[in-house]
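The values are calculated or read from the model by the stated rules, or taken from the named source; none is laboratory data. Model, not experiment: these values are computed from the prediction. A quick note on method: Cβ atoms are made from the backbone with ideal geometry, for glycine too, and the neighbour counts reach across all protein chains shown. Heavy atoms of the whole protein, side chains included, go into the accessibility calculation; ligands, DNA and RNA do not. Shrake-Rupley method; radii C 1.70, N 1.55, O 1.52, S 1.80 Å.
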Amino acid sequence: MEAVKNALRHPLRLLVLVLSLVIGVVASFLILTILRTAELLGQPTIPPGVLRISFALEAPSSLTPAQFLEENGLQGEWVTLGQLFREDVRRGAAIGAYGFESVETMKRFLPTLRLKQGGWPKQYQLLVPQQACRLLSCRVGQTIKVLYPGTEQPVRYTVSGIVDSPLATTLLAVPAAPRGGLDWRLWAFARSQSSEELEDQVRAYLQSRGLKAADVQVLDRIGMQRSWRQLSFGFTVILGPTALVALISATLLVLFNFAVNRLERAKEVAIKRALGASRSHIALESLAEAMAIFLLAVPPSLAVTWALLDRLGGGEAQRLFYPEVGIALQVFAGIGALVLLSALGPVLALASTQPSSQLKEE
Amino acid sequence: MMLEVIDLSRRYRSGSQWVSVLQNVQLRLREGELLVVAGRSGSGKTTLLHLLAGIDRPDEGKLHLGELVLSRNSPEVSLLRWRRAVGFMHQTPVLIPTLTAWENALLPFRYGGQNPDLAWVKLLFKRLGISGLENRRPRQLSGGQATRVALVRALARRNTLFLADEPTGRLDEAGATAVWGLLLELNRQEGISGVVVTHDPLILKQAHRVLTVQEGRLVEAVVSGRGDL
Ligand SMILES: Nc1ncnc2c1ncn2[C@@H]1O[C@H](COP(=O)(O)OP(=O)(O)OP(=O)(O)O)[C@@H](O)[C@H]1O
Ligand SMILES: [Mg+2]
């Protein structure tokens, strides 16, 4: 209580300090989330010695992945990447689709699922959204190979049912695909060819079939890692300085707040010391004040950023950004340490003032 | 013996020179003794009182208060114990602006490790005529009222030694009379010993001894005090 009163002594100064902390929190929460997303998405999903082909068609077509591979004479297999509806998802447990650990949004979608065919999934069974199923021309009982980021072998699932769901595109969607404009995207894996050659072949094939594809991409494991690294570097370059500037100014303001306090409060501290307060009494009181400022600024702005990220991810199937508890805690602890450490110097100086000389000045 | 001061010296650096403010000061204060210290402005009264209060360290000499000893090299803990063992009222009242008068008066208990004696503090407010001002902030108090709150704070812990630096300097005659009345009563009835810096003639005759600081030494003044000790 007293710490709060002390902090409120200069409302304007406090406001500026709180604002810079808020900006610092928001920027660092965002940057950490984006980096985390980039890291998760960037986990290699291509086995060594294999090339990944992906393209999005500009108009709907009946071309299936299996057909594509066969007609191109590619010795590959096709797998899907995407959100899954397994048994454990129904129970609300975590699932590694796209490597996201959070299923909070999944839980939100589940009640809206309507089973069109088949039944709810059991172990190693899978619900497939209707639209994805059409693209993949899958049937109930058929096996689908799903590749998880970070693993090299696809996991086989039996399609237990087909659902009508807002997540219709997720099985085939890739993170970089434009929202809404995506028709479908095929991920095929082929062996022993150079990526340039394969890319040319795919383009020629699509052209011969009268299909228009946007961004045909053939990547090997190394190329994929490189492209993700570039992406996350881009995020860092844009957001890093913002977070840095905000946090540096927050630190300076905290320092300033307590350095100014030091001059203003020298007499008060001296009288407390004269009454028998020890250095640690004084230091603790001042740190409590720093804590009060921190608590005033940080948890609310964490909450706001959380809500923002939740919105940013959108209610749509194709979610990129998930607010994570771990990151929120990191920001909380990191900025807490920053505030306490920058308060510490002035606070210690405050605590070691000699009562006598301070009390003599009129 | 309540308080014993042996060969106490204190000097300050002023520019490139050392100015000796107190030199080989000797003082023996008996239990229950009320001592007045006078002296012209700048003679070193406040300096002496700060040393007696343990908020300054002597350059030479020693101070004894019961079991406690203070000297130039005393550790911080000894200083803290000493400060908690005396009630000290500073020349200009410094109250914490964010605390109420009541909270200011209770401040010594926060750092002293004693349980606050609320009834006693209440009584002190009453005796000094500031009852009803307990919930005011310092900026809502007059100079005289703030002085009296500071006096309550100095007396709150009921220490056996009380030190005051011109406690009535900012009070009118009625206020001064109330303060001296209270201090004399505490001295007579509770046996509290006191060292009070003042020039107020109201109290000079009531003190057991009157000393003056002259050229860095404590000198027995000509004024004769009361003889009940
Ligand atoms: N920290 C200091 N540094 C240098 N000189 C000091 C310091 N403190 C006090 N002095 C000097 O020591 C002398 C005694 O000061 P002190 O405050 O004890 O006087 P005083 O007797 O209380 O005066 P007053 O009646 O005006 O309160 C003064 O000449 C003062 O200038
Ligand atoms: Mg003085």
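Worth pointing out:
- In order through the stretch B:14-19: 3J(HN,Hα) via Karplus (6.51 cos²θ - 1.76 cosθ + 1.60), integer Hz, x for Gly, Pro: 10, x, 9, 10, 9, 10
- Probe 1.4 Å - accessible area at A:Thr251, Å² to nearest ten: 30
- Comparing mean-square fluctuations of B:Val86, B:Val195, B:Val69 from a GNM of chain B with C-alpha springs under 10 Å, the top value falls on B:Val69.
- Net charge contributed by nearby residues that have their C-beta within less than 15 Å of B:Val37 (K/R +1, D/E -1): 0
- For A:Gln354, nonlocal amide neighbours, meaning residues 5 or more places apart or on other chains whose placed amide H falls under 5 Å from its own, do not occur.
- Within the straight-line cut-off of under 16 Å between alpha carbons, the lysines reachable from B:Lys45 are A:Lys360, sequence neighbours fewer than 8 places apart in one chain being disregarded.
- Exceeding the 30 Å Cα-Cα cut-off - candidates B:Lys62/B:Lys126; A:Lys5/B:Lys62; A:Lys5/B:Lys126; A:Lys267/B:Lys122; A:Lys116/A:Lys145: B:Lys62/B:Lys126; A:Lys5/B:Lys62
- Under 5 Å, built H, 5+ apart or other chain: amide partners of B:Val21: B:Arg10, B:Arg11, B:Tyr12
- From phi via Karplus (6.51, -1.76, 1.60), per-residue ³J(HN,Hα) for the stretch A:248-254 in Hz, x at Gly/Pro: 5, 5, 4, 4, 4, 5, 4
- Our coupling estimate for the stretch B:87-103, obtained by passing each phi through the Karplus curve with A = 6.51, B = -1.76, C = 1.60 and θ = phi - 60°, is x, 10, 10, 7, 4, 10, x, 10, 10, 7, x, 8, 9, 6, 4, 4, 5 Hz, Gly and Pro reported as x.
- Positive minus negative residues near A:Ser227 (Lys, Arg vs Asp, Glu; Cβ under 13 Å): +2
- Convex hull volume of the stretch A:242-302 per residue (C-alpha atoms, cubic angstrom): 82
- Springs join every pair of Cα atoms under 10 Å in this Gaussian network model of chain B, and among B:Ser20, B:Ser193, B:Ser71 the largest mean-square fluctuation is at B:Ser20.
- Here is the result for the stretch B:51-135: no chymotrypsin sites (Phe, Trp or Tyr not before Pro) lie in DSSP coil with at most 15 other C-beta atoms within 10 angstrom of their C-beta.
- Over the residues of chain B, the helix contribution to mean residue ellipticity at 222 nm works out to -10000 deg cm²/dmol, using -39500 (n - 2.57) for each DSSP H run of at least 4.
- Cβ-defined net charge surrounding B:Leu8, 14 Å radius [Lys, Arg +1; Asp, Glu -1]: +3
- At the residue level, B:Arg209 shows approximately 50 square angstrom of accessible surface with a 1.4 angstrom probe and all protein chains present.
- Within a Gaussian network of chain B (alpha carbon springs, distance under 10 Å), most fluctuating of B:Ala207, B:Ala174, B:Ala105: B:Ala174
- Heavy-atom SASA rank of B:Tyr12, A:Tyr205 (probe 1.4 Å, accessible area, largest first): B:Tyr12, A:Tyr205
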